[in-house]
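One structure is given here, and the rest of the page talks about it.
All of the numbers you see were taken from the coordinates with simple rules; none came from a lab. Note that the structure is a prediction, hence the values are computed from the model and not measured. Don't worry about glycine lacking a Cβ; one is built from the backbone with ideal geometry, like all the others, and counts go over all protein chains shown.
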Amino acid sequence: MDTDNKQGIESVKIGGLTYTVNKKLDLQGKTGDWGHILYKTQEIELDDSLSKQLENQTLIHEITHGILVEAGYTGHNEEQADRIGKILYQVLTDNDFSWLRDL
């Protein structure tokens, strides 16, 4: 994942594809969602009014959608992505995975 300390994450690779991450003004008001993933254009959009913690959790949720699609689960539902995404967010935030960079 590429990060910029001021703006947050700029892009993330999922299944070998690079998705750009963009914050959108009032995304929730326009779509009803805090975030969504656009597979054809390889973009993840996040509502720009989220707290940092909710923004990060929403990003992991959208990444989970991408992981499921890349794994062939194109028919997955929102509840599946939500359940997996929330636990994945907790695991990633509560544990130090810096040891993986040493491989």
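What number comes out for the charge environment of Gln80, summing +1 per Lys or Arg and -1 per Asp or Glu over other residues with Cβ under 15 Å away?
Around Gln80, the surrounding residues sum to -3.
Within the chain, how many lysine pairs that are 8 or more places apart, or on different chains, have C-alpha atoms less than 19 Å apart?
So the count of such lysine pairs works out to 10.
Could I have the simple spin-label model distance between Trp99 and Leu25, label points 7 Å from Cα toward Cβ, reported in nm to one decimal?
Each label point is offset 7 Å from its Cα along the Cβ direction, giving 4.7 nm.
Who wins for biggest fluctuation among Asn77, Asn56, Asn22 in a Gaussian network model of the chain, springs between alpha carbons below 10 Å?
Answer for the Gaussian network model of the chain: Asn77.
Under a GNM of the chain (C-alpha, springs under 10 Å), which listed residue has the highest mean-square fluctuation: Ile63, Ile84, Ile37?
Comparing Ile63, Ile84, Ile37 in a Gaussian network model of the chain, the most mobile one is Ile84.
For the chain, what does the helix formula give at 222 nm: sum of -39500 (n - 2.57) over DSSP H segments with n ≥ 4, over the residue count, nearest 500 deg cm²/dmol?
-13000 deg cm²/dmol
Give the residue list of GluC sites (Glu not before Pro) in the range 30-70 that are DSSP loop and have at most 11 other beta-carbon atoms within 10 angstrom.
Of the GluC sites (Glu not before Pro), not one in the loops of the range 30-70 has a Cβ with at most 11 other Cβ atoms within 10 Å.
Residue by residue, what Karplus-based ³J(HN,Hα) values in Hz, rounded to whole numbers, does the range 52-68 have, using 6.51, -1.76 and 1.60 with θ = phi - 60° and x for Gly and Pro?
Coupling constants for the range 52-68: 4, 5, 5, 4, 5, 5, 5, 4, 4, 4, 5, 4, 4, 4, x, 4, 4 Hz.
Rounded to the nearest 5, what % of the DSSP beta bridges within the chain are antiparallel ones?
70 percent
Counting residues in the range 2-96 as N, plug N into 2.2 N^0.38 Å and put the Cα Rg over that result.
In units of the globular-protein estimate, the range 2-96 measures up at 1.02.
I need the chymotrypsin sites (Phe, Trp or Tyr not before Pro) found in the chain, filtered to DSSP loop residues with at most 11 other beta carbons within 10 Å of theirs.
Taking the chain and a limit of 11 other Cβ atoms within 10 Å, the loop chymotrypsin sites (Phe, Trp or Tyr not before Pro) found are Phe97.
Once the Cβ-Cβ distance between Arg83 and Lys40 is put in as r, and R0 is 22 Å, what FRET efficiency do you end up with, to the nearest 0.05?
For Arg83 and Lys40, the calculated efficiency is 0.30.
Collect residues whose amide H, placed 1.01 Å from N in the peptide plane, falls under 5 Å from the amide H of Tyr19; neighbours closer than 5 in sequence don't count.
Val12, Lys13, Ile14
Please find, in a Gaussian network model of the chain (springs between Cα atoms separated by less than 10 Å), the residue of Ile60, Ile14, Ile87 whose mean-square fluctuation is greatest.
It is Ile87.
So which trypsin sites (Lys or Arg not before Pro) in the chain pass both tests, a DSSP loop state and at most 15 other Cβ atoms within 10 Å of the Cβ?
Filter output for the chain: Lys6, Lys40.
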